[in-house]
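Nothing in this text is a laboratory measurement; each read-out follows from the coordinates by a stated rule. Source: prediction; values computed, not measured. Note: ideal-geometry Cβ built from the backbone for every residue, glycine included; neighbour counts use all protein chains shown.
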Amino acid sequence: MVYVISFLDRTNIGFAKDRLEVDLGISAAAYGLGAGLFFLSYALLEVPSNLLMRKVGAKWWIARIMITWGLLSSAMALVQGEISFYVIRLLLGAAEAGLFPGVILYFTYWFTREERAKANGYFLLGASIANIVGSPVAGLLLSLDGLGGLHGWQWLFIVEGVPAVVLAFIVLRVLPDSPQSASWVTKEEVRDLQARLDAEADVAQERTGRHPVAQVLRDVQILMVIAVYFCHQVAIYAVAYFLPSIIGSANSLTPIQTGLLTMLPWLASGVGALLLPRLATTASRARLLIATALIVMAFGFVLGLVAGPVLGLVGMCISGFVFWCVNSTIFTFPASRLTGAALAGGLAFVNSCGILGGFVGPYLMGLMENATGNPASGLWAVAVLLVVGAVLAMLLRQGHEGPSVDTPARKSSLEFD
């Protein structure tokens, strides 16, 4: 639920894009820059945020993140022009920094290597739910234009920022900082889990050393993870921030109709998040899943570009089906190579660098739309980046692997033959 609201507040400006241009004169390029600025402040503060969470505890830090981002998300209703748009987007990124890598770190307290991709997939399902529910809701809120003297996009930001603040207090009440503090986990279960996690950490240290945070940059494998993740994030946020505009430009649609059609690729992504990450039970399968997902995304984007409106939407749904294969699986690679404080800082560092694709994607799309008049034209460049990412993905190795030999994880009931 936390990630549902997070992704909703992060991407709802996609529905406000055209209204911001009409009401405030914010061009497509300025919109793309403002949408992407969120990720600059987000990336800068990810590592210190994750290190702080490790010290103060998950529930307090996640609740703090939620309260500040909820208030700032609602404050987007105060935007008056390009400068205020840029400032609030930067502040929103700073407020939300650390949420995603913090949760990924939190999962390392609860799940072994073979279970994390599946757990990450369920977590990322929140982004799909956010867009499945948020797309038609955004259409309805935009239809409130004029109510109370406010624009529809102002109602959109005000209403959708409130749930984050409310949910923060629920997180404070129910979220345990670790298995050791969870009332529903027995002492025997805690000991068994910790023994398995310690065994994995010992293998990682044997292969890769202790990896102080300063040495993360020396690991070529982690740099490749960043490159693959960057390519993927360019694509995700290019779609998240421009899909409503792309769909709305195909025909004369009402905000509600645009919202309903925008929901379809995200519905496909939710199905994929449930079915696909559980296949990544070994390092070789994780590599293949990531590479295949990136190629399928590129194919879907190209189909969306060259086909008519109906087949184009089908192409976006094909891409959507594999959206979360990369996020759910890619972090199992650095998590298998790092331990202790380096794990907290390293995961945040990977996400910080990769998430900069969230700056590049919207900005690139905005520039291309300004140059061509077509909101979808930037997807050509995005498709090329996805192919590059797929090639790099096949070179990834987890900490327990040799240079080219895959060592399967312990046999799981979810593993296929």
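Quick notes on this structure:
- Within a Gaussian network of the chain (alpha carbon springs, distance under 10 Å), most fluctuating of Gly34, Gly373, Gly149: Gly149
- Compared with the alpha-carbon gap, the fully stretched path from Ala199 to Leu395 is longer by 68.0 nm at 0.36 nm per residue.
- The simple spin-label model puts a point 7 Å past each Cα toward its Cβ; for Leu71 and Asn374 those points are separated by 4.5 nm.
- Helical content alone sets the calculated 222 nm signal of the chain at -25500 deg cm²/dmol, taking -39,500 (n - 2.57) per DSSP H segment of four or more residues and averaging over every residue.
- Think of region 33-166 as a dipole: +1 on every Lys or Arg Cβ, -1 on every Asp or Glu Cβ, centred on the Cα centre; then among Ser143, Val79, Gly93, Gly93 lies furthest on the positive end.
- Other residues within the sphere of radius under 14 Å centred on the Cβ of Asp23, judged by their own Cβ, net out at -2 (K and R +1, D and E -1).
- Modelled FRET efficiency - R0 51 Å, Ser252 with Arg191, Cβ distances, 0.05 increments: 0.20
- Simple label model, 7 Å out from Cα along Cβ direction - Arg218 to Ile83, nm: 4.7 nm
- For the chain: relative contact order, % (alpha-carbon pairs under 8 angstrom, 6 or more apart): 28 percent
- Membrane-span-like helices of the chain, defined as complete DSSP H segments with a Cα extent of 24 Å or more along the helix axis and a mean Kyte hydropathy of at least 0.0, are identified as 28-56, 58-75, 113-142, 152-174, 220-250, 255-275, 283-306.
- Neighbourhood net charge (15 Å Cβ-Cβ; Lys/Arg +1, Asp/Glu -1) for Pro362: -1
- Stretching Val174 away from Ser143 to a fully extended chain increases their span by 7.5 nm, per 0.36 nm per residue minus the current alpha-carbon distance.
- Under the convention that each Lys and Arg Cβ holds +1 and each Asp and Glu Cβ holds -1, the size of the dipole of the chain around its Cα centre is about 640 debye.
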